[in-house]
Each structure stands twice: as structure tokens, then as C-alpha cells.
Amino acid sequence: MTIYEYRCDRGHPADQRFPAGSAPRSVACPECGADAPRRFTAPRLRSLDPAATRHMDRAQRSAEAPEVVRAVPPARGRPAPEPDPRHATLPRM
């Protein structure tokens, strides 16, 4: 959702959320009920959580160039599992 700025003739702000590109030219002012035309400003986009952004970026990168895992990462707070001897017979790159 994008936040668009509206302001009536009396100067009351009336910020509204609409999907990008679908904001009407004017809305009713919530304070006085007058017509509040949209102000031509840059739409304010809601930013995502930095952790979510990192995960999405990593997922997008791995679609084209996946990371190669050579070993099982150690578990947090637990000892690493014993290696399976059958894995020694697998082909290596």
C-alpha cells in the first residue's frame, strides 16, 4: 500500500492509503468533510523489515547462482551429528 497526501482548502491533512496507481484525485477531508485534492508529492512507500529484505535478496540470488554446501552447518547449541560413512562413496566435484 502507498500513502498519498491530500489537503483540503482549510489546510487539514488527509493522508490516505491506496494500492499504487489507484489513488483518486480527491477524497473527503476527515476533519471538515470538504473536498481534499491530492497533492503532487512522491508517494510514501512502506519499507520492509531489514531481515525480510535480506531473506528475499538471498532467495533471489540463489535462483540464478545457488550456494553450494560442502558440509552440514553446525547446529546451534547442539553438537554436530556424526558423519555418515556412506557419504564417503558419493562423487565429489
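Here is how the numbers come out for the structure above:
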item: Conditions (1) over 19 Å from the mean Cα position of the chain (by Cα); (2) not in a loop (DSSP other than H, G, I, E, B): number failed by ARG61; result: (1)
item: Qualifying residues in segment 1-26 (those that are assigned to a loop (DSSP other than H, G, I, E, B) and among the basic types (Lys, Arg)) - the one surrounded by the most Cβ atoms within 10 Å (Cβ to Cβ); result: ARG10
item: Some residue of segment 30-49 being loosely packed, with under 11 Cβ neighbours inside 10 Å, without any contact (Cβ under 8 Å) to a residue 60 or more places away in the chain, in a loop (DSSP other than H, G, I, E, B) and touching an Asp or Glu at 6+ places or on another chain (Cβ under 6 Å); result: yes
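Just so you know, all these numbers are worked out from the coordinates, no wet-lab data involved. A quick note: this is a predicted structure, and the numbers were derived from the prediction, not measured. Methodologically, a virtual Cβ is constructed for each residue, glycine included, from the backbone with ideal geometry; neighbour enumeration extends over all protein chains shown.
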